[in-house]
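The values are calculated or read from the model by the stated rules, or taken from the named source; none is laboratory data. Remember, predicted model here, so these are calculated numbers, not experimental data. Please note: Cβ atoms are built from the backbone with ideal geometry, for glycine as well, and neighbour counts cover all protein chains shown. Calculation scope for accessible area: heavy atoms of the full protein, side chains included, ligands and nucleic acids excluded. Shrake-Rupley method; radii C 1.70, N 1.55, O 1.52, S 1.80 Å.
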Amino acid sequence: MSAPSSTAHRAIAALVEQIDAPTATFFTSCVHCGMCADACLFYTETQDPKYIPIYKLLPMRKVWQQEFTFWGRLMKAAGLAKPITHEELDEWEELVFDSCTLCGRCSLVCPMGNDITYMIRKFREGMTAAGHAPSDLKAAMKRAIELGSPMGVSLATLKAQIKHAEQELGYEVPIDKQGADYMMLLSSAEIAQFHEIIPAVSRIFKAAGVSWTLCSEAFEGTNTGIQIGASDLAAELVERIVAGAEKLKVKTVISPECGHAYMALRWEGPNLIGRPYPFKVVHILELLDDLRQQGKLKTKGKDATRMTYHDPCQIARRGGIVEQPRNLLNEVAQNFVDMEEHGEFNWCCGGGGGVSANERAMPRRLDVFSRKKKQLDDIKVDRIVTACSNCRNMLEEGLEHYRMDNIEVVGLTETIAQYLDESA
Ligand code: SF4
Ligand code: SF4
């Protein structure tokens, strides 16, 4: 058997680097029951065994066996175990980046408690370090580092949107206001596509008496470093937000309607940068629901449209925000219906975890949107409300593909703003 090339050695070393105690434990404790298969929409919608979550980790498993287990080392020393190659990793790129949204559903059902999503993220870290990441994600990462936004949205674009919002509102949208209580982050898509978000939060916060600001040096909430698997770059993006919040001396940073931005900032950020934040982090839905409970967010009228709520995976399953959107929708929706599997068990839209930023993954993600189609066919709604601009784009793409674009897709914050009672 021929020895691996020096570049293959480096790729193997990059994967070895990622095998920590939890990953090794999860590989050891897998009992091959296959329960994770039926939790993953890439498997349920294709029935192709290569999309079984734990199978997506096969090269990393091989490295773990050959480098960390007695029998694996022995087999390797005897020349009986084949080392992984660049060709194999090339082939796996599709499984680990294009066919996993990091939705966490597989981790939820594993009877052994294996966090497969965590392992896939570790695998992505190794793959990226070994040079095996999709070119679109690499380009988005480069834009995020160099321009401050994965979509290349600049401060000038944000300022233009603020100006439009001010014309519509008739008052100023706060930016760089020292000592405000809250600093609001946005996602690139909210600035570039969903222009209603700035007027919506401005009106809600004004009516509720919230002291808030945007920050010209830290307005982007998304974190491509998490999606591609580059913790050092993910940390750099978190540091920018921390620096902006510290400069403005705010008490709380608000994560926008974006799934992975919340996960990156709320759950991963302090570990990424190696210190606690001097401020709190809340998701916009948590804040809106708090304001509702305190009687500061009042609405008037109810919408009779039959509507449902799509739970973004990182906000609901991996973030625990399940009740808040429903509390808010109950205030304004007369005809709300949940999908059968919702909240922690909701099915992913198919575009999270960097999949929708990866153009070559489009046919696959549209294919597996059939799961969401089935969920929607069961409840027959005219509108889907969600709280993540990435989900929103994927839902629109999927509905168009399946000729269901009579169903409207809207954000939750703008829905609340539409029924806001500003009379007090
Ligand atoms: S559900 Fe857990 S134990 Fe079962 S095959 Fe998947 S990872 Fe292994
Ligand atoms: S995280 Fe979601 S998409 Fe990825 S393997 Fe698990 S169930 Fe499938």
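Assorted remarks:
- Pair-distance profile P(r), taking every C-alpha pair of the chain, with 20 angstrom steps and integer %: 26, 55, 17, 2
- Net charge dipole, region 190-248: roughly 340 debye, given to the nearest 20, about the Cα centre with Cβ charges of +1 for Lys and Arg and -1 for Asp and Glu.
- Largest to smallest in accessible area, the residues Arg383, Arg203 fall in the order Arg203, Arg383 (1.4 Å probe, all protein chains included).
- For the chain, the carbon plus sulfur part of the accessible surface works out to 51%, probe radius 1.4 Å.
- Alpha-carbon Rg with Dmax, taken over region 297-418, Å: 13.9, 45
- Ordering Ser389, Val253, Ile120 by Cα displacement along the dipole of the chain toward the positive end leaves Ile120 in first place; charges were set at the Cβ atoms of Lys, Arg (+1) and Asp, Glu (-1).
- Choice from Tyr43, Tyr51, Tyr171 with maximal GNM fluctuation in the chain (Cα, 10 Å cutoff): Tyr171
- Seen from Lys300, the other residues with C-beta closer than 15 Å to its C-beta sum to a net charge of +1, counting Lys and Arg as +1 and Asp and Glu as -1.
- Given charges at beta-carbon only (K, R positive; D, E negative), |dipole| of the chain in Debye: 660 debye
- Contact order relative to length of the chain, as percent, for alpha carbon pairs under 8 angstrom and 6 or more apart: 16 percent
- Springs between Cα atoms under 10 Å define the GNM used for the chain, and in it the highest mean-square fluctuation of Glu196, Glu340, Glu397 occurs at Glu340.
- Residue-normalised accessible area of the chain, given per residue in Å² at a 1.4 Å probe: 42 Å²
- Residue pairs, from the table Lys159/Lys251; Lys76/Lys138; Lys247/Lys300; Lys159/Lys374; Lys177/Lys296; Lys122/Lys177, whose Cα atoms sit over 31 Å apart: Lys76/Lys138; Lys247/Lys300; Lys159/Lys374; Lys122/Lys177
- Over region 6-133, the Kirkwood radius and the radius of gyration, each from Cα atoms, give a ratio Rg/Rh of 0.96.
- Pairs of Cα atoms nearer than 8 Å and 6+ residues apart set the relative contact order; for region 297-418 it is 30 percent.
- Charge dipole (debye, nearest 20) of region 6-133; +1 at Cβ of Lys and Arg, -1 at Cβ of Asp and Glu: 440 debye
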